[in-house]
Amino acid sequence: MKTVTLSTLQAYKQAGETFSCLTAYDASFANAASQAGIDVLLVGDSLGMVLQGHNSTLPVTIEDIVYHTRCAARGKGHSLLMVDLPFMSNATTERLLEDAAAVMRAGAELVKLEGEAWMAEGIRELTRRGVPVCAHLGLTPQTVHQLGGYKVQGRDAAQAERIINDAKVLVEAGASVILLECVPASLGKAVTEALNVPVIGIGAGPDTDGQILVMHDVLGVTHGRTPRFVKNFMVDADSIQAAFQHYHEAVKARTFPAQEHCF
């Protein structure tokens, strides 16, 4: 399979073809996902919950992220490797640059930051130095306590307009990709149509350019309450790689997410 790059994702958007994304935290699962056709792998700070057993992503450190990035990079195959920067990486521009450099040296090809329009300055500094950025909007798990829990964002008109405007500001600052989490499907569509860069959705409806899920959710090993936007692809699969392939094919065919997975 041909290596996926940011140019590949941009070409998908221009052609109206969707792409698949999935979390991966080690070489074996990264390889299995890549072999199944997954376009983008994410070393997510979700590892704090699904691997470490925490009730949020906040305890994850840059050392954790770097370790898992090195592991996943060895098995990523053709897939583009995106990597989260953990809680408080954006505390200062200096720290942001240092943490981004650490994950890029470990094998990241795209770094992901949570936040709003105020991230523009940091994104400019990163892109000036050759670091491609994905900006994460909507439900941002690193601010879960401020949000009062894992709640859908952008339900009212004012909040939806702010998310659209934030996305535009961050793209103007240099963000190459936008990720939207837990927003109404109508807002996911509006943001995707408003931007000239790829938009990845998780719980953001069927009209975003790409879809992403946590690997453990795809395999049906979700802890606690299963989010509405999740589907267990292991039910009809006879192997982990087959489940990954079913997910990839469903995303490509736009049969996932279905109406029952949307807000």
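The values are calculated or read from the model by the stated rules, or taken from the named source; none is laboratory data. Just so you know, these numbers come straight off a predicted model, no measurement behind them. Every residue, glycine as well, gets a Cβ built from its backbone with ideal geometry; the counts of neighbours run over all protein chains shown. The protein model used for the area step is the full one, side chains on, heavy atoms only, and it has no ligands, DNA or RNA in it. Shrake-Rupley method; radii C 1.70, N 1.55, O 1.52, S 1.80 Å.
With every protein chain left in place, what is the accessible area per residue of the range 83-169 in square angstrom, probe 1.4 Å?
46
Quick check: at a probe of 1.4 Å, how many percent of the accessible area of the range 14-118 sits on carbon and sulfur atoms?
That share works out to 50 percent.
Enumerate by residue number the trypsin sites (Lys or Arg not before Pro) in the range 1-70 meeting two conditions: DSSP loop (anything except H, G, I, E, B), and at most 12 other Cβ atoms within 10 Å of the site's Cβ.
Answer by residue number: 2.
Can you give the FRET efficiency to the nearest 0.05 for residue 144 and residue 118, using r as the Cβ-Cβ distance and R₀ = 22 Å?
0.75
Using a Förster distance of 41 Å, how high is the FRET efficiency between residue 242 and residue 129, based on the Cβ-Cβ distance and rounded to 0.05?
That gives a FRET efficiency of 0.50.
How much length would be gained if the chain were fully extended between residue 151 and residue 67, taking 0.36 nm per residue of separation minus their Cα-Cα distance, in nm to one decimal?
Computed gain between residue 151 and residue 67 is 27.2 nm.
When the chain is fully extended, how far beyond the present Cα-Cα distance does residue 223 get from residue 5, taking 0.36 nm per residue of separation?
75.2 nm
Which of 249, 94, 109 moves most in a GNM of the chain, Cα contacts under 10 Å?
Sorting by GNM fluctuation, first place goes to 94.
Averaged per residue, what accessible area in Å² does the range 197-257 show with a 1.4 Å probe, protein chains only?
Spelled out: the 1.4 Å probe surface of the range 197-257, per residue, equals 42 Å².
May I ask you to derive the FRET efficiency for residue 92 and residue 35 from their Cβ-Cβ distance with R0 = 41 Å, giving the value to the nearest 0.05?
Once rounded, the FRET efficiency stands at 0.55.
Please find, in a Gaussian network model of the chain (springs between Cα atoms separated by less than 10 Å), the residue of 120, 15, 106 whose mean-square fluctuation is greatest.
Residue with maximal mean-square fluctuation among 120, 15, 106: 15.
What residues have an amide H closer than 5 Å to that of residue 179, excluding those fewer than 5 places away on the same chain, when H is modeled at 1.01 Å from N in the peptide plane?
The list, which skips near neighbours in sequence, is 135, 136, 137, 200.
Run down the lysines and flag those whose C-alpha is under 28 Å from the C-alpha of residue 76, throwing out any fewer than 8 positions away in its chain.
Qualifying lysines at Cα under 28 Å: 2, 13, 112, 231, 252.
Ignoring ligands, DNA and RNA, what percent of the 1.4 Å accessible area of the range 123-248 is carbon and sulfur?
Answer for the range 123-248: carbon and sulfur cover 48 percent of the accessible area.
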